[in-house]
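Here's the structure we're looking at; comments come further down.
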Amino acid sequence: MRSRATVPAWVVRLYGRWRKKRTAWFATGICVAVAVLICAPLLMIPGGSLMDGAEMRQILSPILGDGRGFAAWHLIPVYPTIGHFYRLLIESPAFYQLFWNTVGMTAAILLGQLVVGLPSAWAFAAFRFRGRDFLFGLYVVLMLLPFQVMLLPQYIVLQKLHLYNHPAAVILPAVFSTFPVFIMYRGFTQIDAEILEAARLDGAGELQIFFRIGLPLGRMGIQAAMVLSFLEYWNLVEQPMAFLEEQATWPLSLYLPQITISQAGFAFAVAVMVLIPALFVFALGQDALEEGIAYIGVKG
Amino acid sequence: MKKKVRVLLFIMVCVMCAAFSGCGGSQEEEIPMGRYADREVKLPPGTFDYMHPCPDGSYYLYGLDTELTYVDAQGGSKAKDRGWEKNANIHVKYEVGVADNGAAVFAYAPRFWNDEELEARWLSGDICYLYFYVDEKGEKHALEPHGEGYQKGTNLNTFAFSPEGELYAASDHAVYRVNVETGEVESLFATEKQVKSMVFMGDVMLAADDGKAYFYDRAEGKLLDGNGALDVFLSSHSSGGLVMALGDRENEQILYMGCRTGLYRYIWGGSVIEQIADGQMTALGDTQRSPRALQVLDNGAFRVMFSGNYMVEMYYDETLPARPAKELTVYSLEENGWIRYAGQLFQKEHPDVLVRYETGMDGDNAVSREDALRNLNTRLLAGDVPDVIVMDQMDIEQYADKGVLRELDGILQPYLDDGILYQNIVEGMRMTEKNKIYSVPMMVYLPLWLGEKMYLDGEDSLEDIVAGMEKARQKHPEGAILYTLYPKDVLLQTMPVCLPAWTGEDGSLDVEKLTAYYQAVRRMWEIDCAGFDDAGREAWQKNNMEWYAPEDMDMADIGFNFQYAAQQNFGETWLQLGFLMTPQVGMTGIHVTKANMAADWQEKELEDTVTYDAYTGQAGNVYWARTIVGLCEQGKEPKLAEEYMNLLLSDPMMRKWWLDKPRNHSGLTIRKDSLGDILDIDNIEFGQTMGFKDPTGVNHPNFWPTEEEKQWLYQMMEDASCCYRPGTMLEECAMEVGVRVLEGELTPEEGAKEVERKMAIAMEE
Amino acid sequence: MFLLPGFSGVMVFYLLPFLEVVRRSFLKSGNSAFVGIENYRTVWGNGAFVLAVRNTFLYMAVGVPLLMGISLILSLLLRNLLLRRRLVSAMLLPMAVPAAVMVLTLQILIDRQGVINGVLTKVSEQMAALPAFAAIDYLNTEWALVVVVCSFLWKNTGYMVILWLAGLAALPKEVEEAAQVDGANRWQNWHYIIRPGLSGSFFTVGMLSVLQIFKSYREVWMVAGSYPQEHIYFLQHLLQNWYLKLEFDRMAALTVIMSLVLLIVCLLLQKRLE
């Protein structure tokens, strides 16, 4: 083992910097590899969306039920066609309506979750009250309940409230979902209890503490909750299927046809059109959220 | 602190109570009176498709090949002799426009090109449709559109005369003004799609396509601002046809629009479109017809002309409740045109009842059968029960066991006593456990094979078919024997006649029978495959997929559909397994095939006569139940549901077998007299489709089934007693495993074991 | 006060429905007669139930730790990287794909004659040294669970990374820096600083992994149907199939059992980890 004293200080510094960088490169490498691995199967989607029925059928014929050979996939179609996009964007006016339905529904849900879920999460994190643990446990269990079981009683409730077949039938239960509460709660618990105590001693009101301290410090939790909620509700399938009869009020996720090979190209095209806006909203929304929280933290 | 908690709890309870009490009790509301009703208008003799309304309440009727007929405001009619019918044999008319004074313009194509010059111009794309104009006195001259804004060869499809007699026309991208004397065309404005209707309001012309309304100022010669509300309305209401007409009331100009969903009113210049009559409660909602013209009458009534020689007058009836007090809910998993039509008929007979027809899965969307069933079950469990359920693709026994379905023995007994229905078919629906009938199929398919007599003879079992195929293979070493492209097709064609044999009395699976089935079908598939090398097989698949299976058509449909497959493929395949899916077309289809073969398929080297017979499979006397209707035990209108059932079983409904869209082959009716009627050549309602009628009006039933064939069919119907219902769990399993067996992944024995294992889980549940 | 609006909604849309489920678990489906614990007995003595529970546990036992481990390692690697945001977004991409299309993609890949088998066969043909490869029918053999777990990992890794990152970000940076100055090595850093700081996140991520396991049902069902290979027959299949058979009473009883177990586990874990 070399003693540190024998090596000049600048060598140590350089070595250290290189080492640091090496780790960073190494880490980046692994992460990029994983990200690529995760995204690889999705590369099939753009190709598929440009592929015409005959080609699709030909390369997938083994899956269609022919005894021999293996299916292949062309990442770039041999005979590309924009037919599916034409059908989707030009020939089906319903697409746009459903698209805006999705946007509206998701926006309403996320906003509602912020308004309703944030205080709840804060309450669980910042106050100790009797039955808190049990109540929180209950929240978690309610979050975990399978949808199939809740379908019937929720249907009854919605019908009693005259909400069935109204967009609110999907939005309201989602707004009151315990899922974002659970995630945001985690963000808040990492705030030091001492800070809160100090603020209280300083005579800050509970609302003030919530806005001034809670929100800025819990922002990672809020962000995570919103991102995950967005992904979840952008592709919501089962609830609208069960609670909305009117097709005009459906979100885009229900627009996908039943999967048959002859529809596959079209399905891929829909997927592209679902993904691209999602990415946009995602990128923009994250920034907006970050800034918004910072703003509230300063102003509130 | 404690107090606070208590207060909070109290508030919470209050909120809850408010939420529930406000919504829980449903009060009986008073239904206001008055709504539009309709009555049919008797038309003069002839087949009319169109109507041109005149401002004074009179109108012109015309069909593309039927003489223009004037009907005055009092209802007296007079044919205007314009020589339309004389032209019927030489012209194919596409569009006609009629003016208030009786002048008319035609777009047509000659049936035969007698004029070489014209034909040359037509071929060069210089002209497409030809046009001529007939003035009010009946003088006619050809019209050749020309002018700066008009590109040669553009079709003019929609015509409208302004009140002053100016002619306006529309192509798929523009609207024009046409000089009826010279044929000079002036392009007025461009449109996104084909304009379908034009109405005139003073100087302003409103032209509407399927998604946009254009307002054109004729005096100024410019396009005015559009109207967003109208655009939205047009884009969502145009399917199935939309008609427009102007009317005025208290100095307000009102635009009326009629379409499938109802009659709407739009006050000129406003932004609100309101519904004044619900399509479902009037003739407008009839899915079998589309509206062609609308006339506003002075007394507040409307005339609506529909395709198919049908006109109604819609009038406001103050004695009718605004919406029907009673509701009958009919549910089916998939859209069924026959059931939908029955609802319309029922509603016509009961103006005080609203028939709500709901489908669980429709169109292109992600709702699967399981999702739809789950939604249905939610409703059933929540007590929100439909009155009538179409049980196709559902587990009838399960629903009967759970007390959802009502027993039908009482309703069906009179029909059985009088021998109106095929008793054996109805009896086949008896549920073993409680020994009651809970549902009844309106139509059935019957299994058939078709082929040369030397391969098969008489009623044949699974083994007979295998033996027949082997014989056929010896004679034809190359190519396919059956019309099966993929392993699944073999299963689809054979499973219905075998499946009922696999379950024992106690509901257990008969593994031996299943193994035997797998052995047989595997052999069939092997024999079929032996006629190809890999490339040949691929080519045959590709060919057939492109040729016979367009994108939207399921292979299963084609494989099953006897008449279709038999006509298309015989001579390329040598044995045909399938189902007789429609009474008339199916029977004539067989006949056509046989006749064709005798005539010009000698080159196929047929050695023996072509024949057909029942295909018994493992079960024997199988019928495939279609449009299986059950009534709900807890439905809100049990009496109405009963009446609805009686309507379904009535002769007028049963005769309308072709209405079962989108499948288009609904089956052989279970009512004896209806089936006989359908197969009766003298019955003009049905005789037209396949027979051929000479100019003197005599029917030539050249491909019509003979008396002998009809008797054979009736006998098959009498014998059918074993019900096959698609969509059971066992079928799904056996199909999935069967594909693996045919692909050689599993042996038949292993396959049967695998099915047994999966079924064991299902039984455990 | 903060909790009230949220809780009243939860009450209406979740708690009351849940109580309704509890109520119905004591009634007979169909005629609503009170049958006591009859339904529970039926569920308990049900062969399919035993199978489903075993499979679901196995799925969780494999899926949850794997998912948590992989995503934790990734987020530790990621947390100081410049490319972090983009990489995380890329990892989240599978979540944004509609389930139907994801299933279609999966089918094309893992069918017995699918792309993966095709590639593997080609590779083994090319290289004589490798043993011959026989096509695997992934969905109809024991491989089914592997496929399900892999697709679960594929879809949810990004999801959990987000959660871990949120947890990591809340760790006070100063402590770590101070430790580094004191010469703490990476292991010590993890053991003494990061791990204790993340204990709450362990609970969150763990619970959400379980949630995602339950949610992955729709995809499994779309790929393999209502009666899949024995190893991927989960509790949700049982629930769904009962629902289709109108056996809501049993479903309710099963749900009550499930939620009791979950509640206990949840309370225990919470106590331990916080």
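Readers should treat all values here as calculations from the given coordinates under stated rules, not as data from a laboratory. Owing to the predicted nature of the structure, the values given are computational and were not obtained by experimental measurement. We place every Cβ from the backbone using ideal geometry, glycine too, and count neighbours over all the protein chains shown.
Whole Å is fine, so just give me how far the alpha carbon centre of the stretch B:439-465 lies from that of the stretch A:17-89.
Cα centroid to Cα centroid, the span is 47 Å.
Of C:Leu267, C:Gln113, A:Ile38, which is farthest towards the positive pole of the protein assembly as shown's charge dipole, taken about the Cα centre with +1 and -1 on the beta-carbons of Lys, Arg and Asp, Glu respectively?
C:Leu267
Evaluate peptide B:96-107: per residue, the Cβ atoms of other protein chains within 10 Å of its Cβ; return the mean as an integer.
Average neighbour count from other chains, rounded to a whole number: 0.
Taking the Cβ of each residue in C:Cys150, B:Cys498 as the centre, tally the other Cβ atoms inside 10 Å and list the residues starting with the fewest.
Ranking C:Cys150, B:Cys498 by Cβ neighbours within 10 Å, fewest first, gives C:Cys150, B:Cys498.
Measure off 7 Å from each Cα along the Cα-to-Cβ vector at C:Arg186 and C:Ile37, then give the distance between these two points in nanometres to one decimal.
5.4 nm
Roughly how many debye, to the nearest 20, is the charge dipole of the protein assembly as shown about its Cα centre, given +1 on each Lys and Arg Cβ, -1 on each Asp and Glu Cβ, and no other charges?
8620 debye
Setting aside same-chain residues fewer than 8 positions from B:Lys80, which aspartates and glutamates have a Cα under 13 Å from its Cα?
B:Glu67, B:Asp72, B:Asp135, B:Glu136, B:Glu139
For a quick protection proxy, order the peptides C:235-244, B:193-202, A:173-182 by their average other-Cβ count within 10 Å, most packed first.
Top of the packing list down: A:173-182, C:235-244, B:193-202.
Measuring from centroid to centroid over Cα atoms, what is the spacing of the stretch A:133-206 and the stretch C:1-80 in Å?
16 Å
With 10 angstrom as the radius, rank A:Ile59, C:Ile162 by how many other C-beta atoms surround their C-beta, starting from the fewest.
Taking fewest neighbouring Cβ atoms as first place, the list is A:Ile59, C:Ile162.
About the Cα centre of the stretch C:3-273, how large is the charge dipole given +1 on each Lys and Arg Cβ and -1 on each Asp and Glu Cβ? Please answer in debye to the nearest 20.
Using Cβ point charges on Lys, Arg, Asp and Glu, the stretch C:3-273 gives about 380 debye.
For a protection proxy built on the mean count of beta-carbon atoms within 10 angstrom, sort B:242-248, B:272-278, A:248-254 highest first, please.
The peptides rank, most packed first, as A:248-254, B:242-248, B:272-278.
For A:Leu98, C:Leu269, A:Leu75, A:Leu118, which order do you get if you count the other beta carbons within 10 Å of each Cβ and list the fewest first?
A:Leu75, C:Leu269, A:Leu98, A:Leu118
Run the reach check for A:Lys160 against aspartates and glutamates, Cα to Cα strictly under 18 Å, same-chain hits fewer than 8 apart removed. What comes back?
Result set, ordered by chain and number: A:Glu245, B:Glu28, B:Glu29, B:Asp384, C:Glu20.
Using modelled backbone amide H atoms (1.01 Å from N, in-plane), which distant-in-sequence or interchain residues come within less than 5 Å of A:Ile82's amide H?
none
Enter the mean number of other protein chain beta carbons within 10 Å of the beta carbon of each residue in B:267-275, as an integer.
Across B:267-275, the average partner-chain Cβ count within 10 Å equals 0.
Given axes a ≥ b ≥ c from the Cα gyration tensor, I'd like to know whether chain C is rounded (a/c under 1.5), prolate (a/b larger than b/c) or oblate.
oblate
Between the stretch C:226-274 and the stretch B:284-362, what is the separation of their alpha carbon centroids in Å?
Rounded to whole Å, the Cα centres lie 47 Å apart.
Determine the shielding of peptide C:168-175 by partner chains: average, over its residues, the number of Cβ atoms on other chains within 10 angstrom of each Cβ.
Average neighbour count from other chains, rounded to a whole number: 3.
What does the C-alpha gyration tensor say about the overall shape of chain A? Classify as rounded when a/c is under 1.5, otherwise prolate if a/b is larger than b/c, or oblate.
oblate
Rounded if a/c is under 1.5, else prolate if a/b beats b/c, else oblate: with a ≥ b ≥ c from the C-alpha gyration tensor eigenvalues square-rooted, which is the stretch B:36-321?
Here the stretch B:36-321 falls in the oblate category.
Taking 32 Å as the cut-off for C-alpha to C-alpha distance, list the pairs among B:Lys78/B:Lys326; B:Lys475/B:Lys513; B:Lys436/C:Lys28; B:Lys42/B:Lys93; B:Lys453/B:Lys513 that go past it.
Checking Cα-Cα distances, B:Lys78/B:Lys326 exceed 32 Å.
Go through A:275-283, C:207-215 and give me the packing order, highest mean Cβ count within 10 Å leading.
Peptide ranking by packing, descending: C:207-215, A:275-283.
What helices does chain A hold that run 24 Å or longer along their axis, going by alpha-carbon atoms, with a Kyte-Doolittle average of 0.0 or more, using DSSP H for the helix calls?
A:9-39, A:94-126, A:261-299
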